[in-house]
Amino acid sequence: MSQMTPPDAIKEDSMEKQKQMISANFHELAQAPQQGRKVVSTFVPGNINELLMCFDMARNLPEINALQNGMRKKTGRMIMEAERSGHSEDVCTYVKADLGMMAQGNIGPTGETLPKPDLLLLSYTGCFTFMKWFELVREQYDCETSMLHIPYQGDGTINENMRDYVVKQLREEVIPTLERVSGVKFDIDRLREYMRESAKSEEDLVWVLQTAKNRPSP
């Protein structure tokens, strides 16, 4: 009995667009040193991407590296490499995939070499793994480090002291570090424009999610 050939997967236009955007981002990151741009490595949750864009910095996101390598079935050898270096089997495989990639030449998911960061920026510690991951990455690179500490909101509310604390860190630590590393002066109007664009994107996403309430759902 002959085996039937499985049909080719049909991808929606949005899936193809997302793939193109991700590939373009990795290419932009790989080319950053040749273009005279500085690189910042930061995590996805709680990121301050709009602020980083004000300094023309290329953004490296370790979780995305691990995820994209995993989707391409490349992480097995990276995880084994990290475990050979002493990281336990119990350690999050996101972390080990990232560290293993670095140990094997830092070749990114698309086959291009990812540059070393000029700045490590930690802006979220909702999971203890992120803190330890950041420490492990910091051991690998000789570059500046900055941290934005966000107070824990036990009752789900943000008070004035919390807001002032975060603003103080941004003004006195994070922004001056970004200016020094990037060589670009902070422009508040540029940040406002990026924030408006992000707010519009969020509104569009919410609109799409709300359409799922329809019957039939699109």
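Every number in this text was worked out from the coordinates using simple rules, so none of it is lab data. Note that the structure is a prediction, hence the values are computed from the model and not measured. Don't worry about glycine lacking a Cβ; one is built from the backbone with ideal geometry, like all the others, and counts go over all protein chains shown.
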Charge dipole magnitude, Cβ of K and R +1, D and E -1 - the range 123-205, Cα centre, debye nearest 20: 120
The pairs in Lys17/Lys74; Lys168/Lys200; Lys132/Lys200; Lys11/Lys38; Lys96/Lys213 lying past 29 Å Cα-Cα in this model are Lys132/Lys200; Lys11/Lys38; Lys96/Lys213
Restricting attention to the range 1-62, which GluC sites (Glu not before Pro) occupy a DSSP loop and are surrounded by at most 11 other Cβ atoms within 10 Å? Glu12
Select from Phe55, Gly154, Ser88 the residue farthest towards the positive end of the dipole of the range 48-167; place +1 on Cβ of Lys and Arg, -1 on Cβ of Asp and Glu, and compute about the Cα centre. Ser88
Arranged from highest to lowest average of other beta-carbon atoms within 10 Å per residue, in what order do the peptides 75-81, 183-189 appear? 75-81, 183-189
Please figure out what share of the DSSP beta bridges in the range 36-186 is antiparallel and state it in percent, rounded to the nearest 5. 10
Which one, Ala24, Ser201, Tyr124, projects farthest toward the positive side of the charge dipole computed for the chain from Cβ point charges (K/R +1, D/E -1)? Ala24
Which shape class applies to the range 21-100: rounded if a/c is under 1.5, otherwise prolate when a/b exceeds b/c and oblate if not, where a ≥ b ≥ c are the square roots of the Cα gyration tensor eigenvalues? prolate
Just flag the chymotrypsin sites (Phe, Trp or Tyr not before Pro) in the range 51-154 sitting in loop per DSSP whose Cβ has no more than 14 other Cβ atoms within 10 Å. Tyr152
Give me Rg over Rh for the range 7-150, both radii from the alpha carbons and Rh done the Kirkwood way, two decimal places. 0.97
Residues whose built amide H sits under 5 Å from the amide H of Thr145, excluding neighbours closer than 5 in sequence, are Leu120
Under 5 Å, built H, 5+ apart or other chain: amide partners of Asn60: Val40, Ser41, Thr42
Most fluctuating residue given options Glu139, Glu202, Glu179, as computed from a GNM of the chain linking Cα atoms under 10 Å: Glu202
Rounded to the nearest 20 debye, what is the charge dipole size of the range 15-166 about its Cα centre when +1 sits on each Lys and Arg Cβ and -1 on each Asp and Glu Cβ? 580
